[in-house]
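Remarks on the structure that follows.
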Amino acid sequence: MKKLVIFDLDGTLLNTIADLAHSTNYALEKNGFPTHEVGEFNYFVGNGINKLFERALPEGERTAENIQRIRQDFLLHYDKHNADLSRPYDGISELLAALQEKGIKIAVASNKYQAATEKLVPHFFPTIRFTAIFGQREGINTKPDPTIVQDILRQADVAKEETLYVGDSNVDMQTAINAGVDACGVTWGFRPVSELQDYHPKYIAQKAEDILRFVEE
């Protein structure tokens, strides 16, 4: 049995895509750039918000200056509206409660900026005692760099072999590989199953309750 489960946030625990899309489109429109359909954001997210803005900007406008302008307006909007439409995926709240009841440690490793990660996780999962809630922190490389997982392992005092990393994207699968922990891809997130399969994770979950079974193996 695993002793620690580390979850990605966006696309794994929470469906946040609409709020991310609306805040990015707000910032784009305010700065005179074209906006995008919500579904397009499934392929914009995953590598931190600066990369999100770079992908959302027109090809010839992806300058550091424009990214910072979009970031500034995005943050003002998203900090007020990041829980408007975001919701846990089916079965996730029950899964976290079941893991906690079994004494398994739970952590979050996200590329969402730290302030929003720290706000959303306890907002949607108020009864869960997380060992660590880490988002994108100043001076620390984003996933797939393994630092975030290594920091959680130290804080939890759990070995790699006793850890399962759960996520919905190629970034997550590569993060698990880089950190040397078992990976579980989830099929309900922002990316297609084929993207997960390319990285040969140990597990692929079709529904949240599958993860509990994988943890107990």
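Summarised as an ellipsoid, segment 103-147 has semi-axes of 20, 13, 7 Å, derived from the eigenvalues of the Cα gyration tensor scaled by 5 and square-rooted, with the largest first. Taking a point 7 Å out from the Cα of Thr63 in the direction of its Cβ, the residues of segment 9-37 whose backbone N falls within less than 18 Å of it are 28-34. With both labels modelled 7 Å from their Cα along Cα-to-Cβ, the Glu94 to Gln72 distance reads 4.7 nm. Think of segment 22-105 as having a plus end and a minus end, set by charges on the Cβ of Lys, Arg, Asp and Glu; of Ile67, Phe41, Tyr26, Ile67 sits farthest toward the positive end of this dipole. Summarising the amide proton neighbourhood of Asp182: residues at separation of 5 or more, or on other chains, whose placed amide H is nearer than 5 Å comprise Thr163, Tyr165.
Between Asn178 and Lys119, 0.36 nm times their residue separation minus their Cα-Cα distance comes to what?
On the way: separation 59, 0.36 × 59 = 21.24 nm, distance 2.75 nm.
Working it through step by step, the gained length comes to 18.5 nm.
Projecting the Cα atoms of Ala109, Phe125, Pro146 onto the dipole axis of segment 88-147, where Lys and Arg carry +1 and Asp and Glu carry -1 at the beta carbon, places Pro146 farthest toward the positive end. At q = 0.10, 0.13, 0.14, 0.23 Å⁻¹ the log10 of I(q)/I(0) for segment 58-177 amounts to -0.37, -0.62, -0.72, -1.52, computed by Debye summation with a single uniform scatterer per C-alpha, solvent ignored. Here the spin labels are modelled as points 7 Å beyond Cα on the Cα-Cβ line, and at Asn50 and Leu85 they lie 2.8 nm apart. Within the listed set Ala107, Ala132, Ala64, the residue fluctuating most in the Gaussian network model of the chain (springs between alpha-carbon atoms under 10 angstrom) is Ala64.
Under a point-charge model restricted to the Cβ atoms of Lys and Arg (+1) and Asp and Glu (-1), what is the dipole moment magnitude of the chain relative to its Cα centre, in debye to the nearest 20? Before the final figure, lay out the partial values.
Numbers: 23 positive and 32 negative charges, 88 e Å.
Computed charge dipole of the chain: roughly 420 debye.
Modelled label positions at Tyr199 and Lys160, each set 7 Å beyond Cα in the direction of Cβ, lie 1.6 nm from each other.
Since every read-out is calculated from the coordinates, none of them should be taken as a lab result. It should be emphasised that the depicted structure is a prediction, and the values quoted were computed from it without experimental measurement. Cβ: placed from backbone, ideal geometry, glycine included. Neighbour counts: every protein chain shown.
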